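A short write-up of the structure that comes next.
The values are calculated or read from the model by the stated rules, or taken from the named source; none is laboratory data. Computed from a predicted structure; not experimentally measured. When we count neighbours, we look across all protein chains shown, and the Cβ atoms used for this are built from the backbone with ideal geometry, even at glycine.
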């Protein structure tokens, strides 16, 4: 076996040899984060979240499930049938951390995990702790619900990450044996193999990444088979229908995202990976159409996806309830992964735009500020009953957050030939080889609190920096090089190109205004009729009962012509920009007491009173005392 990258390459996607990638990620190991926002959070993920999650893996029975297989434990299987994936995702997260820095304590925990996995693998390569011993005859008998291939996918992704971080093939060897078994068992009927797909997409993108890591084309072809086979009714129909697992239509015939949100997004990730290796333009056209429709009709203002608790589903066009929003944290992870692949395939800024919105407003809310607790569901309205938890019986979200934060450096920069793309603004640095020479770009910024970004080039050569100009910019920002304005003004929603012969010490400065923006919904989002939301820069804001103890937030309204003003508050959540102003509070109308419907008497407006308003970043809600929360507020001029 020839491995394609040396140890320490470390990127969630290795597109270095992918022929149809327009942009290639800069490796996790080549990016450093050191700012107070993302730098501190990634450190908290390493020191707090990963340690706490390992303890939960032990307490919840996940580790014992592996010990049970080898007879080291006589405890019954605990958790969901796919609980193995919690360990796999945790190992992937730890691997990305180790790709950036040494951590002996974390390495010891990883070693314990790898030992458990190695011992649990069956002689033929099979590895799934639920279907062993007394259930061994049931393997591959319930592909819709068993998640055996889904679990294999997370094992493969963990193995590839571990190999790229450490150089060891220890876990990769385990994953390859399982992958080889899948290649032997599943395939077109005419091949003499078994026709089948997993109810939860995941193995597809993992197999493509295994192909990228090993160069073994059979893994790519196996991914192609699973992708093309989905949508032909291979799964038995459950209570949510075949749409639940995207088995209702082949990928090339789909016109809208449908069914279980996470499954749909993971499916698109695998399809995008297949395009990046094969150049099948039909797949890219379908993905582009699905993405655009999803953003225009199914995406929350936070970037969250999943409107329904029933079936954890995306819902229909413009079906975006607030209090009942599902917006699973894992869907945010899936959205980021899919957007990352579409960005690599096309180089279009709109994909980096959704990554930014989702990171700040759909992923971060799923993680407490102290790094110890998690949301599975992220509503946009709450009565105070929704609180984070240290773990869940279905614990897919906590380790998914951990692996995304650990691999975050790999999402920030990209290269195209000798040019460097800056997708996200995060204080730190990135190293790349441009024009045949090593170059470091140092980024200094207080983003997302401030819109000023300075990039210092350390190195020389002829190349371009492409800086993403966020679509939220109300006006064209100012872009200068060594204090001189560039000739082509940057346009919001695109990349600004700065091409020159660089000298070490050259400085690029991007200055973006960050006014408070008052947003409204499409008229067909009926729940938001007559309501507005507050945003500043990439952040969505909300109001919380902790700051309005005497108010019923349902009666709170603002005038969009007089929005609140941004102010730095060093005491808020460790330092944050909050929005302060005035709001009108309407008390409940007593004439409606005991009445649900009555004859309409024409426009009426109960008198209100002005109270101080404080809005906080949505990602920070539910970190204080329990209370109401609202993203969408009454619009006073409606």
Contact list, first residue from region 203-230 and outside any helix (DSSP H, G or I), second anywhere and surrounded by fewer than 22 Cβ atoms within 10 Å (Cβ to Cβ), beta-carbon distance below 7 Å, six or more apart or interchain, is 215/2; 215/4; 230/251
Given the conditions (1) free of Cβ contacts under 8 Å to residues at least 40 places away in the same chain; (2) buried (at least 24 other Cβ atoms within 10 Å of the Cβ); (3) within 30 Å of residue 533 (Cα to Cα), report the number of the one that residue 290 does not fulfil.
(2)
Looking at residue 405, is it touching a strand residue (DSSP E or B) at 6+ places or on another chain (Cβ under 9 Å), crowded, with 20+ Cβ neighbours inside 10 Å and either in a helix (DSSP H, G or I) or on the phi > 0 side of the Ramachandran plot (or both)?
yes
Filtered residue count, region 34-81, keeping only those that are exposed (fewer than 15 other Cβ atoms within 10 Å of the Cβ), assigned to a loop (DSSP other than H, G, I, E, B) and in contact (Cβ under 8 Å) with a residue 60 or more places away in the chain:
1
Looking at region 461-478, is at least one residue in contact (Cβ under 8 Å) with a residue 40 or more places away in the chain and out of contact with any strand residue (DSSP E or B) (no Cβ under 9 Å at 6 or more places or on another chain)?
yes
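Yes/no per residue for (1) more than 21 Å from residue 200 (Cβ to Cβ); (2) part of a helix (DSSP H, G or I):
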residue	(1), (2)
263	no, yes
268	no, yes
276	yes, yes
284	yes, yes
289	yes, yes
316	yes, no
320	yes, no
Being modelled with pLDDT under 95 and at positive phi: is that true of residue 436 here?
yes
Do we find a residue being farther than 19 Å from residue 10 by Cβ, modelled with pLDDT under 95, surrounded by fewer than 22 Cβ atoms within 10 Å (Cβ to Cβ) and in the same structural domain as residue 102 (by TED's automatic domain parsing) anywhere in region 200-220?
no
Hey, residue 517 under 27 Å from residue 359 (Cβ atoms) and either surrounded by 18 or more Cβ atoms within 10 Å (Cβ to Cβ) or modelled with pLDDT under 95 (or both) or not:
no
Test of understanding: among 141, 166, 129, which residue is farther than 19 Å from residue 95 by Cβ and buried (at least 16 other Cβ atoms within 10 Å of the Cβ)?
129
So residue 119 ticks every box in (1) closer than 30 Å to residue 410 by Cα; (2) surrounded by fewer than 22 Cβ atoms within 10 Å (Cβ to Cβ) but one. Which box is left unticked?
(1)
Could you pull out the residue among 428, 371 that is out of contact with any strand residue (DSSP E or B) (no Cβ under 9 Å at 6 or more places or on another chain), at pLDDT 95 or above and at positive phi?
371
Is there a residue being surrounded by 14 or more Cβ atoms within 10 Å (Cβ to Cβ), touching a helix residue (DSSP H, G or I) at 6+ places or on another chain (Cβ under 7 Å) and in a loop (DSSP other than H, G, I, E, B) anywhere in region 476-486?
no
One residue is enough: does region 530-539 have a residue meeting the conditions under 21 Å from residue 304 (Cβ atoms) and touching a helix residue (DSSP H, G or I) at 6+ places or on another chain (Cβ under 7 Å)?
yes
